[in-house]
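In what follows, a single structure is set out as structure tokens and then discussed.
Just so it is clear, none of the values below were taken in a lab; they were calculated from the coordinates. This is a predicted model, so every value here is computed, not measured. Neighbour counts run over all protein chains shown; Cβ positions are idealised from the backbone, glycine included.
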Amino acid sequence: YERELNGCSRPPLRLITTQDSSSTAPMVLCVSNIKWEDRGCTDDGIRLDPHPELEVTDGWYRLRAQVDGTLARAVRKGKIKVGRKLEVVNARVRSLTST
């Protein structure tokens, strides 16, 4: 509270969610959790590999991050795991709304 409000120092994820900074700016985030999404089966009955979804943090706030195929392979190989830091550039923010 003291650092963020009185010291005018806000973390990257807070700046992005309040739209005070662009999500495309470079930042370093830490992987705090990995969740595996079951994708079911194809029409042929072939089971699809589960797809990872990362929870990332800047040390103060955390967000869910959907990953592309390249990052998903890195998670499967163990290159990206909980506690690993990632340098992120050109991220996109998508708001999920419930219907």
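From helices alone, the chain scores -3500 deg cm²/dmol at 222 nm; the rule is -39500 (n - 2.57) for each run of n ≥ 4 DSSP H residues, then divide by the residue total. Were the residues from residue 42 through residue 89 laid out at 0.36 nm apart, the gain over their Cα-Cα distance would be 13.6 nm. Relative to the Cα centre, the charge distribution of the chain, modelled as +1 at Lys and Arg Cβ and -1 at Asp and Glu Cβ, gives a dipole magnitude of about 320 debye. Extending 7 Å from Cα along the Cβ direction at residue 33 and again at residue 65 yields two label points whose distance is 1.6 nm. Within the same chain, aspartates and glutamates fewer than 8 places from residue 79 are excluded, and of the rest, those with a Cα less than 16 Å from its Cα are 53, 55, 68, 87.
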